[in-house]
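Engineer: Would you mind keeping the following structure in view while I ask a few things?
The values are calculated or read from the model by the stated rules, or taken from the named source; none is laboratory data. This is a predicted model, so every value here is computed, not measured. For neighbour counting, all protein chains shown are included, and Cβ atoms are generated from backbone atoms with ideal geometry for every residue, glycine included. With ligands, DNA and RNA removed, areas are computed over all heavy atoms of the protein, side chains included. Shrake-Rupley method; radii C 1.70, N 1.55, O 1.52, S 1.80 Å.
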Amino acid sequence: MESGGISGAAGLTWDCAEIGGRRTLFVMATTHEYGPALRARINPLITGVGPIEAAIGTALALQALADKSALPDRVVSLGSAGSRRCTLGAVYQIASVSWRDIDASALGIPKGVTPFLDLAPVQPLDTPFTGVPTATLSTGSDIVSGDAYAAIDADMVDMETFAVLRACQRFGVPLAGLRGVSDGAGELGKLLDWTGLLELLDERLADAVDLLRRT
């Protein structure tokens with residue numbers, strides 16, 4: 001295992017492990033999603049919640065590994081997501097991700113496109129999890145709830161994956177995404193509306209991680 005020599009946002013030491021013959025860095029937002037099943041399998045980088053923390057944390061980790069000539073073969077961003085299209089409690093691998101916050105339409109630039117950057121608004125991701133269904137994902141800095149889903153042209157929403165992707169692209173490392181649906185069927189009103197299914201998702205995300213070992 002290769003460690004970057006720094007701790008993540010939660011103060012936990014992370015490492016790259018060989019999974020299915022490929023050195024893999026797992027990235028998560030918070031220890032709320034990092035339950036006993038995943039703890040028995042992986043030692044992820046915990047970045048903190050939201051696009052800014054995810055981008056900073058992932059970029060620092062990859063730079064630390066690059067300084068050791070030890071960049072991973074792939075990064076896997078995993079955790080929870082909201083959805084009104086996908087099955088509550090189910091796990092999906094991410095076929096593509098977009099950034100819903102970026103909006104320079106006042107300058108005639110389509111919403112979702114970063115100005116002066118040659119980057120399509122929807123970015124494909126690796127899908128290495130055999131037998132796990134795919135879904136599209138929208139990353140943003142807001143918690144989506146209720147009628148706000150109607151404005152989002154993606155199957156799922158999260159707050160980190162696009163940011164992790166941009167850090168990975170800077171270092172030329174492929175990204176895969178794995179998300180379990182924790183909420184979206186109803187309005188969010190309290191923390192438990194998000195955390196209620198995290199124990200179940202921990203087990204199902206761990207099952208999906210095991211699939212990488214058999215590829």
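Engineer: With the convex hull built on the Cα atoms of the chain, state its orientation-averaged projected area in nm².
Structural biologist: On the way: hull surface 46.0 nm².
Here the figure is 11.5 nm², rounded to one decimal.
Engineer: Stretch Leu107-Ala148 to full length: gain in nm at 0.36 nm per residue minus the Cα-Cα span? The partial results should precede the final answer.
Structural biologist: Numbers: separation 41, 0.36 × 41 = 14.76 nm, distance 2.45 nm.
12.3 nm is the gain from fully extending Leu107 to Ala148.
Engineer: Rounded to the nearest 5, what % of DSSP beta bridges with both residues in the chain are antiparallel? List each step's numbers first, then the result.
Structural biologist: On the way: 12 of 36 bridges.
Antiparallel bridges: around 35 percent, rounded to the nearest 5.
Engineer: What is the spin-label model distance, in nm, from Phe116 to Glu199 if the labels are put 7 Å beyond Cα along the C-beta direction?
Structural biologist: Going from the Phe116 label point to the Glu199 one covers 5.1 nm.
Engineer: Okay, next question. Given the options Asp142, Asp67, Asp15, state which has the largest fluctuation in a GNM of the chain using a 10 Å cut-off (strictly under) for Cα springs.
Structural biologist: Highest fluctuation among the options: Asp67.
Engineer: Once you have the Cα-Cα distance between Arg22 and Thr87, take 0.36 nm times their residue separation minus that, and quote the gain in nm to one decimal.
Structural biologist: Numbers: separation 65, 0.36 × 65 = 23.40 nm, distance 3.01 nm.
Gain on extension, Arg22 to Thr87, equals 20.4 nm.
Engineer: For segment 27-75, what is the per residue volume of the convex hull drawn over the alpha-carbon atoms, in cubic angstrom?
Structural biologist: On the way: hull volume 3.5 nm³, N = 49.
Spelled out: Cα convex hull of segment 27-75, divided by residues, is 72 Å³.
Engineer: Shape verdict for segment 60-135, please, from the Cα gyration tensor: rounded (a/c under 1.5), prolate (a/b greater than b/c) or oblate. Present the calculation step by step, with values, prior to reporting the outcome.
Structural biologist: Details: a/c = 2.38, a/b = 1.08, b/c = 2.19.
It is oblate, given that a/c is not under 1.5 and a/b is not larger than b/c.
Engineer: What number comes out for accessible area per residue over segment 1-112 if the probe is 1.4 Å? Units Å², please.
Structural biologist: Values: 4760 Å² over 112 residues.
That works out to 43 Å² for each residue.
Engineer: May I ask for the net charge around Ile94, where only other residues with Cβ less than 14 Å from the Cβ of Ile94 are counted and Lys, Arg are +1 while Asp, Glu are -1? Please report the intermediate quantities before stating the final value.
Structural biologist: Values: positive: Arg74, Arg85, Arg179; negative: Asp126, Asp155, Asp158, Glu160.
In short, -1.
Engineer: Starting at the first residue of segment 197-203, write each ³J(HN,Hα) from the Karplus equation 6.51 cos²θ - 1.76 cosθ + 1.60 with θ = phi - 60°, in whole Hz, x for Gly and Pro.
Structural biologist: 9, 5, 5, 4, 5, 4, 5
Engineer: Still on this structure, I have one more. Given the C-alpha centroids of segment 200-215 and segment 152-174, what is the distance between them in whole angstrom?
Structural biologist: That distance is 20 Å.
Engineer: Give me the percent of accessible area attributable to carbon and sulfur for segment 1-130, probe 1.4 angstrom.
Structural biologist: Working: 3300 of 5920 Å².
Within segment 1-130, the accessible surface is 56 percent carbon and sulfur.
Engineer: Report the residue, chosen from Pro174, Pro110, Pro44, that carries the largest GNM mean-square fluctuation when the chain is represented by alpha-carbon nodes joined by springs under 10 Å.
Structural biologist: Pro110
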